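Note sheet for the following structure.
The values are calculated or read from the model by the stated rules, or taken from the named source; none is laboratory data. Owing to the predicted nature of the structure, the values given are computational and were not obtained by experimental measurement. Note that each Cβ is placed from the backbone with ideal geometry, even for glycine, and that neighbours are counted across all protein chains shown. Heavy atoms of the whole protein, side chains included, go into the accessibility calculation; ligands, DNA and RNA do not. Shrake-Rupley method; radii C 1.70, N 1.55, O 1.52, S 1.80 Å.
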Amino acid sequence: MRHYSVDLAAPSGGRRGTLAVYGHYGRPVLVFPTEGGDAGEFARNGMVGAVEGLVEAGRVKLYCADSFDAETWSAHHLPLEERAWRHAAYESWVLDAVVPHIRDDTGADAEIVTLGCSLGAYHALNFAFRRADLFPAALCFSGNYDPGTWNGWGDRGDAVYFNNPMDYVANLHGDHLAWLRDRLTVLLVCGQGRWEDTTGALPATRRMDRLLGDKQIRHELDLWGPEIPHDWPSWRDQLAKHLPRFC
């Protein structure tokens with residue numbers, strides 16, 4: 001399998017990050033790691049191997065990104081609003097460095113799928129909603145989509161609101177909502193076993209399903225059984241089931 005890694009910096013400066021790429025051709029999929037994960041996490045945990053046939057066949061090309069979680073959402077000593085403001089640096093890196101690299105690699109008109117597990121699922125959904133012009137599909141596995149539940153404290157402002165899908169999806173309306181209905185597709189997948197409740201993933205997935213249904217945004221919910229935990233073996237099986245339908 002063709003594989004390379006590249007070190008990227010946003011034009012605006014700040015932290016650099018690594019992008020690990022797997023494949024030679026196919027629909028680009030931007031993969032966000034789990035909390036605090038790095039660009040190599042997806043491959044180390046067998047996720048690339050789980051869809052190796054798609055990659056080798058040229059149906060999909062995986063772009064696995066670093067996280068900046070330690071300085072943003074996982075910095076629990078900071079109030080939630082400050083964490084959300086710091087997240088802007090990650091957003092800048094993704095939009096101003098990662099996306100241009102993907103488009104240089106796969107074509108200027110490439111429509112990029114976002115994908116993630118656990119905290120990565122939050123990033124996949126949030127980026128797709130905020131920039132559906134770039135990311136028309138989000139594949140979300142075992143995500144908690146409410147940053148306010150992540151040891152959140154302090155007053156909330158616009159930075160939290162506009163990065164909290166549980167808040168802003170409920171208030172979507174008008175022309176923008178109509179555009180999202182035409183543009184965006186969301187897949188929500190979650191087990192019902194160990195850690196899916198304690199991480200908040202299962203209740204958050206169910207609530208997001210209701211919100212998307214209320215707003216008539218195209219989406220699919222796939223809940224796996226009570227024996228399916230919040231863990232890599234589950235996500236490997238779930239990815240192998242669902243990714244072929246998007247590439």
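What to note about this one:
- The figure for GLU111 is an accessible area of roughly 80 square angstrom, using a 1.4 Å probe on the protein chains alone.
- Accessible solvent surface per residue of the chain, calculated while the other protein chains remain in place, 1.4 angstrom probe, Å²: 41
- Contact order normalised by residue count of the chain, Cα under 8 Å, 6+ apart, percent: 19
- Protein heavy-atom surface of the stretch 127-247, 1.4 angstrom probe: 49% of the accessible area is carbon and sulfur, with nucleic acids and ligands not counted.
- Tensor-based shape of the stretch 1-47 (alpha-carbon gyration tensor, a/c under 1.5 rounded, otherwise prolate or oblate): oblate
- Which of ASN126, ALA201, PRO244, positive extreme of dipole for the chain (C-beta unit charges): PRO244
- What a 1.4 Å probe finds exposed on the stretch 37-95 is 54% carbon and sulfur by accessible area, rounded to a whole percent.
- Over the stretch 60-113, the Kirkwood radius and the radius of gyration, each from Cα atoms, give a ratio Rg/Rh of 1.10.
- Those residues of the stretch 154-183 whose amide nitrogen sits under 20 Å from the label point placed on ARG210, 7 Å along Cα→Cβ: 164-173
- Under Karplus coefficients 6.51, -1.76 and 1.60, residue-wise ³J(HN,Hα) of the stretch 56-62 in Hz, glycine/proline x: 5, 7, x, 8, 8, 10, 9
- Given +1 at the Cβ of Lys and Arg, -1 at the Cβ of Asp and Glu and no other charges, the dipole of the stretch 77-201 around its Cα centre is 220 debye to the nearest 20.
- Placing pseudo-labels 7 Å out from each Cα toward the beta carbon at GLU71 and ASP175 gives an inter-label distance of 3.7 nm.
- For the stretch 125-167 and the stretch 29-73, distance of Cα centres in Å: 19
- Mean separation of Cα contacts under 8 Å (6+ apart) over length of the stretch 14-158, as relative contact order %: 28
- The dipole here belongs to the chain: it is taken about the Cα centre, uses +1 on the Cβ of Lys and Arg and -1 on the Cβ of Asp and Glu, and is about 440 debye.
- Å³ per residue enclosed by the Cα convex hull of the stretch 1-108: 93
- In whole angstrom, the stretch 154-225 maps to an equivalent ellipsoid with semi-axes of 23, 18, 8, each derived as √(5λ) from the alpha carbon gyration tensor and ordered largest first.
- Computed from point charges on the beta carbon alone (+1 for Lys and Arg, -1 for Asp and Glu), the dipole magnitude for the stretch 165-247 about its Cα centre is near 200 Debye.
- Counted over all Cα-Cα pairs of the stretch 89-247, pairs farther apart than 20 Å make up 50 percent.
- Under the span-like rule (Cα at least 18 Å along the axis, Kyte-Doolittle mean at least -1.0), DSSP H helices of the chain: 201-214
- Modelled label positions at ARG183 and ARG131, each set 7 Å beyond Cα in the direction of Cβ, lie 1.2 nm from each other.
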